[in-house]
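Colleague: Before I ask anything, let me first share the structure, which is written out below as structure tokens.
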Amino acid sequence: MTRSAFILRGALGAGALYGAGAAGPFVRRAFAQEGGDAEILNFALMLQYLEEEFYSQALGLGLAGDVKKLATAFRGHEQAHIETLTKAVTGAGATPVKKPTFEFPIEDQGSFVTLGMTLEDTGVMAFNGAGPMLTTEEALAGAGMIVQVEARHAAALRLAAMEEPAPNAFEETIEMKDVLEAVEPFIQT
């Protein structure tokens, strides 16, 4: 583990301890919907807001070369996911969650790549965990199309970090509560 990765992981742990209280009300509002597909789709929408804002903030860091190209392309993907999920939530008869304010502990290209891998992996595991709970074919198909792109994002960021792009034969799943623990430190309002 590099020094910057160690520092970043420590910052994430500290953020989990100190930042979760501020995000709690937002998270509760995000999931105070009817439940079912609408709740899951709103959950996915919140994650896409987080990832889109992550890439937007990263582009302000002065990224260079292929990493800048990745961040630009991925931000566009996340914007398309937001548009699609917003329509899906509305189509499910619910109100789309509002975009919160986010803050990320990224200062340079290395910290961007490290945190990007973590966020994308978390998103993939979240989609995999939520997939079996979706009740309509449309919601499941949409989630399936998004999770494939998120996995490609994670693989590309791993390559940028000179790591194995697909380190496991099977991807893990993660429950909503665990995803929330992972992302709450970045949610400011």
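The values are calculated or read from the model by the stated rules, or taken from the named source; none is laboratory data. Because the structure is a prediction, the values reported are computed rather than measured. Glycine gets a Cβ as well: all are built from the backbone with ideal geometry, and neighbour counts include every protein chain shown.
Colleague: Taking the stated definitions as given, is GLU172 closer than 30 Å to ASP66 by Cβ, touching a residue at least 24 places away in the same chain (Cβ under 8 Å) and surrounded by fewer than 19 Cβ atoms within 10 Å (Cβ to Cβ)?
Modeller: Numbers: closer than 30 Å to ASP66 by Cβ: yes; touching a residue at least 24 places away in the same chain (Cβ under 8 Å): yes; surrounded by fewer than 19 Cβ atoms within 10 Å (Cβ to Cβ): yes.
So GLU172 fits the description; yes.
Colleague: Okay, moving on. Being under 13 Å from the mean Cα position of the chain (by Cα), among the small types (Gly, Ala, Ser) and closer than 13 Å to LEU47 by Cβ is the requirement here; does GLY116 meet it?
Modeller: no
Colleague: So which residues in segment 149-163 are within 19 Å of LYS87 (Cβ to Cβ) and of a type outside the set (A, V, I, L, M), if there are any at all?
Modeller: Result: GLU150, single match.
Colleague: Restricting to segment 58-84, give me the number of residues that are in a helix (DSSP H, G or I), closer than 22 Å to LEU47 by Cβ and not hydrophobic (A, V, I, L, M, F, W, C).
Modeller: Residues that pass the stated criteria total 9.
Colleague: When the residues of segment 125-162 are filtered to those that are touching a residue at least 24 places away in the same chain (Cβ under 8 Å) and closer than 24 Å to ASP108 by Cβ, which remaining residue is surrounded by the most Cβ atoms within 10 Å (Cβ to Cβ)?
Modeller: Top of the filtered list is GLU150.
Colleague: What single numbered condition from (1) over 20 Å from VAL89 (Cα atoms); (2) touching a helix residue (DSSP H, G or I) at 6+ places or on another chain (Cβ under 6 Å) fails to hold for LEU159?
Modeller: Just one mismatch for LEU159, condition (2).
Colleague: Okay, next question. If ASP66 satisfies all but one of (1) under 16 Å from HIS153 (Cβ atoms); (2) of a type in the set (Asp, Glu); (3) buried (at least 22 other Cβ atoms within 10 Å of the Cβ), what's the number of the condition it fails?
Modeller: Here ASP66 meets the rest and fails (3).
Colleague: Separate question: Filter segment 158-187 down to residues that are over 30 Å from ASP37 (Cα atoms) and in a loop (DSSP other than H, G, I, E, B) and give me whichever is modelled with the lowest pLDDT.
Modeller: If we take residues in segment 158-187 being over 30 Å from ASP37 (Cα atoms) and in a loop (DSSP other than H, G, I, E, B), then PRO167 is modelled with the lowest pLDDT.
Colleague: Can you work out which of the residues in segment 70-104 that are in contact with a Pro (Cβ under 7 Å, 6 or more places away or on another chain) and not hydrophobic (A, V, I, L, M, F, W, C) is nearest to LEU50 (Cα to Cα)?
Modeller: Checking each candidate, the answer is THR86.
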